[in-house]
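The values are calculated or read from the model by the stated rules, or taken from the named source; none is laboratory data. Nothing here was measured: the structure is a model prediction, and the numbers come from that model. For neighbour counting, all protein chains shown are included, and Cβ atoms are generated from backbone atoms with ideal geometry for every residue, glycine included.
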Amino acid sequence: MKIDRVKDKLKGQKPRPIDVKNNYSVFIPFIEIDGKYHILYEVRAKTLRNQPGEISFPGGRIERGESCVKAAVRETSEELLIPERKIEVFSKGDFLVNPYYSVLYSVIGRINVNYEKIVPSEAEVDSIFTVPLDYLLNTEPKSYDLELSVKNNKEFPYGLIPNGKDYKFKRGRENVLFYEYEGKIIWGFTAKMTQNLIKKIKL
């Protein structure tokens, strides 16, 4: 292959994370209750295949040809059963690349509906609740570290790498955050997204 053809193929390509198989987008929704702003969370339906019963933001997989903003708004509308026109987008948030071949994007905005009138989809949402913004601004999450290690397996060709089974693979470390509010535990990626947003607001 001629180098000019290589150059043409690479021209204009956008950098993308390697090995990412799935892209998801969540909506971090502010909602006004009695004149004060809260952040809304979902408890996922217990019948869901992935993470049943866990606390999350509205969101889901980004479909082909869809932006992270469009996906977050669509999923929020489907899960909370509210019209898309009632979902106001402020901005794109930061994103996470997790160890499971996925990228998790965030979109920040407001839900312009009466909280008491939200009746979410039973197929996807067990219940919803809110946490006052003031509480999150004044409460640091608890932080714990998990060590991620490499487990040997019979299929891996250790003979092809220096030192074989004695090769010093790097060990990973994952920081896991926990917020607790009125008996609800917000943890993992949802807590990390929450803390990241709160840090930006405090700047």
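Structure notes:
- Any hit, region 120-139, residues being of a type in the set (D, E, K, R), exposed (fewer than 11 other Cβ atoms within 10 Å of the Cβ) and either modelled with pLDDT of 95 or more or in contact with a strand residue (DSSP E or B) (Cβ under 6 Å, 6 or more places away or on another chain) (or both): no
- In region 1-23, the qualifying residues are those that are touching a strand residue (DSSP E or B) at 6+ places or on another chain (Cβ under 9 Å) and surrounded by 10 or more Cβ atoms within 10 Å (Cβ to Cβ), and the one that is nearest to residue 62 (Cα to Cα) is 23.
- Scanning region 81-102 for residues that are modelled with pLDDT under 95 and farther than 16 Å from residue 28 by Cβ yields 97, 98, 99, 100, 101, 102.
- For residue 27: the one exception among (1) assigned to a loop (DSSP other than H, G, I, E, B); (2) touching a helix residue (DSSP H, G or I) at 6+ places or on another chain (Cβ under 6 Å): (1)
- Among all positions in region 93-100, there is no residue which is acidic (Asp, Glu) and over 12 Å from the mean Cα position of the chain (by Cα).
- Test for residue 167: is it closer than 21 Å to residue 51 by Cα and surrounded by 10 or more Cβ atoms within 10 Å (Cβ to Cβ): no
- Scan of region 24-65 for residues that are closer than 20 Å to residue 132 by Cα, buried (at least 17 other Cβ atoms within 10 Å of the Cβ) and either over 19 Å from the mean Cα position of the chain (by Cα) or β-branched (Val, Ile, Thr) (or both), ordered by number: 26, 28, 31, 39, 43, 55
- Entirely in region 97-203, the strands (runs of 3 or more DSSP E) that have 3 or more residues that are of a type outside the set (Val, Ile, Thr): 102-111, 125-132, 142-148, 172-181
- For the criterion of being in a loop (DSSP other than H, G, I, E, B) and touching a residue at least 60 places away in the same chain (Cβ under 8 Å), residue 93 fails.
- Residues of region 30-53 that turn out to be outside any strand (DSSP E or B), within 15 Å of residue 75 (Cβ to Cβ) and basic (Lys, Arg), as a count: 0
- Exactly one residue out of 20, 73, 69 is within 16 Å of the chain's Cα centre (by Cα), in a loop (DSSP other than H, G, I, E, B) and over 24 Å from residue 182 (Cα atoms), and it is 20.
- When 169, 189, 178, 156 are checked against the criterion of being among the aromatic types (Phe, Trp, Tyr) and modelled with pLDDT of 95 or more, 178 stands alone in meeting it.
- Selection from region 54-66 of residues that are part of a loop (DSSP other than H, G, I, E, B) and under 19 Å from residue 124 (Cα atoms): 54, 57, 58, 62, 63
- Taking every residue in region 163-180 that is among the acidic types (Asp, Glu) and pairing it with any residue that is at pLDDT 95 or above, at least 6 positions away or on another chain, the pairs with Cβ-Cβ distances below 8 Å are 180/142; 180/186.
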